[in-house]
Structures are given as structure tokens and as C-alpha cells.
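Notes follow once the structure below has been shown.
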Amino acid sequence: MDNLPLYSKQQLALRNGQDKPQIWVAYKGLIYDVTESRLWRNGKHYEHWAGQDLTEELSDAPHTESVFEKFIVIGKLNV
Ligand code: HEM
């Protein structure tokens, strides 16, 4: 975990499913690559957009953070 690259909010924001091919979501300081998820197509997941820190928004979801288990952590959010 300590060797993970750090990404800024601006770098994360470009991976929103619109500006670059990758789709990333930050949760509790870690950045997950959800590009392959059908449920995050074009960066949109229900009323939520990728390319940002969605830690606070998880409480709106009908699921827990276990949904992140199958995704790779590709970096840390540099706050
Ligand atoms: C209105 C709010 C939301 C709704 C209705 C919603 C609904 C769903 C549903 C139905 C699934 C399918 C799998 C499951 O239920 O376990 C899912 C998966 C997932 N959700 Fe949400 N969600 C919401 C918010 C969020 C938020 C805020 C995040 C991020 C913090 C998030 C991250 C994910 C991830 C990473 C998956 C797994 C996708 C996959 O397996 O391909 N969701 N969500």
C-alpha cells in the first residue's frame, strides 16, 4: 500500500468517464479503477459521478463498501 502513486484531485477529476478513458473513484483515501464496471459506464453510477472522492456519498448507497473489494487500488488521493 505504501508504494502506491499519489494523485491530485485534479488528476482524479480527469478520470471521470468523459475526459479520459479511465474511470476512477476515490474512497477513504484510496483510488479504485472502475473502468471495467458496467455499472460505472461513462463515469455515472446512479446519481453519482466518478472522478471524485465519494467517501461521504457511500451513505446514500443501498450497499456497503464491500462493492470495492473486486477492484484494484491504483493509487492514493493526495489531499
Ligand atoms: C443512490 C446511490 C447508489 C445506488 C442506488 C447504488 C446502487 C448500486 C447497485 C444496485 C450496485 C450493484 C451491486 C450491489 O448492490 O452490491 C452497485 C454497485 C457498486 N456501487 Fe453503488 N450505488 C449508489 C451509490 C454508490 C456510491 C456513492 C459509490 C461509491 C462510493 C458506489 C460504488 C459502487 C461500486 C464500486 C459498485 C460495484 C460495481 C461493480 O461491481 O461493477 N455506489 N451500486
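The values are calculated or read from the model by the stated rules, or taken from the named source; none is laboratory data. Keep in mind that what you see is a predicted model, and the values were worked out from it rather than measured. No Cβ is skipped: glycine too gets one built from the backbone with ideal geometry, and neighbour counts run over all protein chains shown. Quick note on the areas: whole protein, heavy atoms, side chains included, nothing else; ligands and nucleic acids left out. Shrake-Rupley method; radii C 1.70, N 1.55, O 1.52, S 1.80 Å.
If you wrap a convex hull around the C-alpha atoms of the chain and split its volume per residue, what is the figure in Å³? Don't jump to the answer; show the numbers that get you there.
Working: hull volume 7.1 nm³, N = 79.
Spread over its residues, the Cα hull of the chain gives 89 Å³ apiece.
Exactly which trypsin sites (Lys or Arg not before Pro) in the stretch 1-57 are in a DSSP loop and have at most 13 other Cβ atoms within 10 Å?
Numbers: sites: Lys9, Arg15, Lys28, Arg38, Arg41, Lys44; in loops: Arg15, Lys28.
Qualifying residues, ordered by number: Lys28.
Ignoring ligands, DNA and RNA, what percent of the 1.4 Å accessible area of the chain is carbon and sulfur? That share works out to 50 percent. Qualifying chymotrypsin sites (Phe, Trp or Tyr not before Pro) in the stretch 1-74, where qualification requires a DSSP coil assignment and no more than 11 other C-beta atoms within 10 Å, comprise Tyr46.
The amide H of Gly75, built 1.01 Å from its N in the peptide plane, has Ile31 as neighbours under 5 Å, considering only residues 5 or more places off or on other chains.
For the stretch 6-77, the per residue solvent-accessible surface stands at 65 Å², with DNA, RNA and ligands left out and a 1.4 Å probe. Once C-alpha pairs closer than 8 Å and six or more residues apart are averaged by separation and normalised to the residue number of the chain, the relative contact order reads 41 percent. Beta bridges from DSSP with both residues in the stretch 6-77: antiparallel share about 75 percent, rounded to the nearest 5.
Straight-line cross-link reach from Lys76 at under 19 Å between alpha-carbon atoms covers these lysines, not counting any fewer than eight positions away in the same chain: Lys9, Lys20, Lys28. Placing a label point 7 Å from the Cα of Asp19 along the Cα-to-Cβ direction, the residues of the stretch 42-75 whose backbone N falls under 14 Å from that point are 50-53. Taking amide H atoms as placed 1.01 Å from N in the peptide plane, the amide H of Ile23 lies under 5 Å from those of Val34, Thr35, each 5 or more residues away in sequence or on another chain.
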